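Below is one structure, written out as structure tokens; the observations come after it.
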Amino acid sequence: SQQGEEDPQALSIQEGENATMNCSYKTSINNLQWYRQNSGRGLVHLILIRSNEREKHSGRLRVTLDTSKKSSSLLITASRAADTASYFCATDVNGNTPLVFGKGTRLSVIA
Amino acid sequence: DVKVTQSSRYLVKRTGEKVFLECVQDMDHENMFWYRQDPGLGLRLIYFSYDVKMKEKGDIPEGYSVSREKKERFSLILESASTNQTSMYLCASSLGSGGANVLTFGAGSRLTVL
């Protein structure tokens, strides 16, 4: 069952620009998480935002959550070539069931 | 450095073979998961386990089974591999027991079935 849907599917930007990815979901959630995947590797957890939070920062990452619109966005500021990867949102419905992942946004940062 | 280790990064098997994908975590996590990842389909949950000797079906369990005899090890078994099981397989674990449901993933096992 697909809960999260990322948008856009692919994004290409120049180094130094900001990258914004969006995630929409269907049901109420406990929290929403963002993961990163380098080509051919496993996913790495980036950031978690709880349903009662609206914004969260971690280094160059900024995540927002709008539960009324059932959407989240991930902003990567001052992007670097090393940020090239796929980014996935994952929703945690109640803390006791497995996360459900979206299909991901593929980000390419061109040096 | 805590880890989820998948025994094989690349495997090539023939149709009908029995395939074992092994996953070991060293974080004393209670929960373990197997996902498969295919282009355009994202990650899909195959099986998961919240305790030793416990298993639950995910979204696509057909053609797979799992084994969790010890807390740290979660094995995915393809009883009779088929070409449509060619995929990237990702194992993950999480703390459990009310901890944040954050996953730590292995590096993945890319399986090709000929």
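What follows draws every value from the coordinates through simple rules; no lab data is involved. Please read these numbers as outputs of a predicted model, since none were measured by experiment. All Cβ positions, glycine included, derive from the backbone under ideal geometry; neighbour counts span all protein chains shown.
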Next item on the list: Would you kindly derive the ³J(HN,Hα) couplings of the range A:16-26 from the backbone phi angles with the Karplus curve 6.51 cos²θ - 1.76 cosθ + 1.60 (θ = phi - 60°), listing them in order in whole Hz, with x for Gly and Pro?
Entry: x, 6, 8, 10, 10, 10, 10, 9, 10, 9, 10
Notebook entry, point to check: Normalised by the residues of the range B:4-113, what does the relative contact order come to in percent, with Cα pairs under 8 Å and at least six apart?
Noted result: 36
Notebook entry, point to check: Once Rh for the protein assembly as shown is found with the Kirkwood sum over Cα pairs, what is the Stokes-Einstein diffusion coefficient at 4 °C and 1.567 mPa s, in µm²/s?
Noted result: 72
Margin query: Can you compute 3J(HN,Hα) from phi for each residue in the range A:33-49, using the Karplus curve 6.51 cos²θ - 1.76 cosθ + 1.60 with θ = phi - 60°, rounded to whole Hz and x for Gly and Pro?
Written below: 10, 10, 10, 10, 9, 6, 3, x, 10, x, 8, 10, 5, 9, 7, 10, 10
Notebook entry, point to check: What average number of partner chain Cβ atoms lie no more than 10 Å from the Cβ of the residues making up A:93-101?
Noted result: 6
Notebook entry, point to check: Under the definition of Cα pairs under 8 Å and six or more residues apart, what whole-number percent is the relative contact order of chain A?
Noted result: 39
Checklist line | Dimensions in Å of chain A - Rg and Dmax from alpha carbons | finding: 13.2, 42
Notebook entry, point to check: Can you give the average number of partner chain beta-carbon atoms within 10 Å of each beta-carbon in peptide B:37-45, as a whole number?
Noted result: 5
Notebook entry, point to check: If we sort A:48-61, A:26-39 on the protection proxy, mean other Cβ atoms within 10 Å, highest first, what's the order?
Noted result: A:26-39, A:48-61
Notebook entry, point to check: What area, in nm² and to one decimal, does the C-alpha convex hull of the range B:50-111 cast on average over all directions?
Noted result: 4.8
Next item on the list: Please average, across the residues of A:37-43, the number of beta carbons from any other chain that are within 10 Å of each residue's own beta carbon, and give a whole number.
Entry: 6
Note to self: From the phi angles alone, apply the Karplus equation (6.51, -1.76, 1.60; θ = phi - 60°) to the range A:101-108 and give each ³J(HN,Hα) in whole Hz, x where the residue is Gly or Pro.
What the structure shows: 9, x, 8, x, 10, 8, 9, 10
Next item on the list: Mind jotting down the three principal axis lengths of the range B:4-113 based on Cα atoms? Whole angstrom, largest first.
Entry: 40, 30, 23
